[in-house]
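The values are calculated or read from the model by the stated rules, or taken from the named source; none is laboratory data. Keep in mind that what you see is a predicted model, and the values were worked out from it rather than measured. Note: ideal-geometry Cβ built from the backbone for every residue, glycine included; neighbour counts use all protein chains shown. Accessible surface is based on the protein model in full, side chains and every heavy atom, while ligands, DNA and RNA are left aside. Shrake-Rupley method; radii C 1.70, N 1.55, O 1.52, S 1.80 Å.
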Amino acid sequence: MPARIVIIGAGLHGCSAALYLSSRGYQVTVIDKTYAGRHASGVNAGGVRRLGRHPAEIPLSMAAWERWQNMARLVGDDCGFRPVGQIKVAENDADLAVLAERERQMRALGYRHERLIGRDALRQALPALAQHCPGGLACDGDGYANPYRTVTAWRRQAERCGARFHEGLEVTSLTPGNGWEVVAGERRFTADILVNCAGAWAGKLCEWLGEPVPLRAEAPMLMITERIAPFLVPVVGATSRPLSFKQFENGTVLIGGGVRGSVESDRQVAETRLGGLAENADTAASLFPFIERARIVRTWAGVEAVMPDQIPVLGRSAIHGTVIHAFGFSAHGFQLGPITGEIATDLVMEREPTLPIEALSIERFTKQNPPLPHDSGTGFTHA
């Protein structure tokens, strides 16, 4: 009899784990308190990027990028993936120095996917950009995809492979014994192995499991404009300010990238803040002045799980041999979704993952070895 797997959380990472595990014959049950893609996975900025990744994430991001090239073969839908490239723009010489150092660090680690570009190349790639920007850091082949469409495609493919989804059920207890008993709503489920993909609510599960983590819930805000004439191809970020700026094929422009709204985890509610939205709009207008005339037609915020060092928890539980964690992607986990399920499957099968995940272990959150905050000077803030 195949092992019974219960995955808590039906975001992209939960759906990815469900697909890979069910395709290998495991009995997979996915439980979500609302519905698949309700929070971070379905309402993020849709960035598919290797640019600016924490060094611990780069091997996973490179592997995930390869999966994105074959998305239609994997899940029967290209998920709206458009490899238009991404550019992190320098707004002054100090920003350009930061980007040059980032490129040097990547070269020292053996990576060539990020390249520094000067004023002329930047102007060629972004003709509508303000004149004061002296250069940028580019990553060809990165791009964007449709978040909710992506979650839906992975969920449907997982269901075709046999995974069962139960939505609208909140998990209220986990009891170890001969495996695990999971109580959700009025239902009881039994599992040989648990996979914690509960996003902003993963910390509560960790508390129940006896290994608390310093996870906090945040609410990145996004807004979208009316349709305007095409002016932008690559996805654009800023160096010293949070920004994610992209134009879709229908002409609308998405503005977001890091300014937070308010969140109430218990009520599962994220709300926008007018002041933060104005800050996002000001940043966008300082780089593309004509965008001031565009009308904003919709705003929203999602709930994200953020760790102090801005990298996820991905690996086995430190104290339960039958629990696997995959959460805390800190507002940039969308691109990593296709690889998370592969890693979770390796762990379920008690195989050594082919990609390095030691730095992502939950064990880094111990009193003896607290993690340092991620150095935002060489990081990237847009999803």
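Observations on the model:
A quick yes/no check of all residues on (1) small (Gly, Ala, Ser); (2) surrounded by fewer than 22 Cβ atoms within 10 Å (Cβ to Cβ):
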| position | (1), (2) |
| --- | --- |
| 17 | yes, no |
| 32 | no, no |
| 35 | no, yes |
| 54 | no, yes |
| 108 | yes, yes |
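- Residues of segment 324-343 classified as within 19 Å of residue 214 (Cα to Cα) and out of contact with any Lys or Arg (no Cβ under 7 Å at 6 or more places or on another chain), total: 9
- Single residue of segment 209-233 satisfying the filter (assigned to a loop (DSSP other than H, G, I, E, B) and of a type in the set (Gly, Ala, Ser)) that is surrounded by the most Cβ atoms within 10 Å (Cβ to Cβ): 219
- Members of segment 150-174 that are open to solvent by 30 Å² or more (accessible area, probe 1.4 Å) and among the small types (Gly, Ala, Ser): 162, 168, 173
- Within segment 36-67, the set of residues being in contact (Cβ under 8 Å) with a residue 60 or more places away in the chain, farther than 25 Å from residue 218 by Cβ and either among the aliphatic types (A, V, I, L, M) or touching a helix residue (DSSP H, G or I) at 6+ places or on another chain (Cβ under 8 Å) (or both) comprises 63, 65, 67.
- Close pairs from segment 188-204: first without any contact (Cβ under 8 Å) to a residue 40 or more places away in the chain and buried (at least 22 other Cβ atoms within 10 Å of the Cβ), partner among the aromatic types (Phe, Trp, Tyr) and part of a strand (DSSP E or B), Cβ under 9 Å, at least 6 apart: none
- Close Cβ contacts (under 6 Å, 6 or more residues apart or on different chains) running from residues in segment 151-170 that are closer than 20 Å to residue 186 by Cα and acidic (Asp, Glu) to residues that are open to solvent by 80 Å² or more (accessible area, probe 1.4 Å) and at pLDDT below 95 comprise 167/35.
- Listed by position, the strands (runs of 3 or more DSSP E) enclosed by segment 125-200 that each have at least 3 residues that are over 28 Å from residue 51 (Cβ atoms) are 164-167, 171-177, 179-184, 187-191, 193-196.
- Leading residue by the ranking (nearest to the chain's Cα centre (by Cα)) among those in segment 219-230 that are more than 21 Å from residue 49 (Cα to Cα) and touching a residue at least 40 places away in the same chain (Cβ under 8 Å): 225
- If you check 82, 49 for being within 26 Å of residue 254 (Cα to Cα), within 15 Å of the chain's Cα centre (by Cα) and among the charged types (D, E, K, R), only one passes: 49.
- Listed by first and then second residue, the pairs linking a residue in segment 240-251 that is on the phi > 0 side of the Ramachandran plot to a residue that is open to solvent by 10 Å² or more (accessible area, probe 1.4 Å) and not charged (D, E, K, R), with Cβ atoms under 6 Å apart and 6 or more places separating them unless they lie on different chains, are 251/228.
- Matching residues, segment 234-250, being assigned to a loop (DSSP other than H, G, I, E, B) and closer than 13 Å to residue 288 by Cβ: 234, 243
- Criterion violated by residue 335 - all others in (1) over 24 Å from residue 235 (Cβ atoms); (2) in contact (Cβ under 8 Å) with a residue 24 or more places away in the chain; (3) in a helix (DSSP H, G or I) satisfied: (1)
- Residues (closer than 30 Å to residue 94 by Cβ and part of a strand (DSSP E or B)) located in segment 251-268: 253, 254, 255, 256, 260
- The requirement of being of a type outside the set (A, V, I, L, M), under 19 Å from the mean Cα position of the chain (by Cα), open to solvent by less than 40 Å² (accessible area, probe 1.4 Å) and over 30 Å from residue 354 (Cα atoms) is fulfilled somewhere in segment 302-313, by at least one residue.
Let's see how each residue does on (1) of a type outside the set (Asp, Glu); (2) modelled with pLDDT of 95 or more:
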| position | (1), (2) |
| --- | --- |
| 118 | yes, yes |
| 124 | yes, yes |
| 135 | yes, yes |
| 183 | yes, yes |
| 186 | no, no |
| 198 | yes, yes |
| 213 | yes, yes |
| 216 | yes, no |
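- Taken over segment 130-149, residues that are closer than 26 Å to residue 61 by Cβ and open to solvent by less than 30 Å² (accessible area, probe 1.4 Å) amount to 12.
- Subset of segment 274-320 [part of a loop (DSSP other than H, G, I, E, B) and at positive phi]: 310
- Contacts under 7 angstrom Cβ, first residue in segment 278-293 being free of Cβ contacts under 8 Å to residues at least 24 places away in the same chain, partner among the small types (Gly, Ala, Ser), 6 or more apart: 292/285
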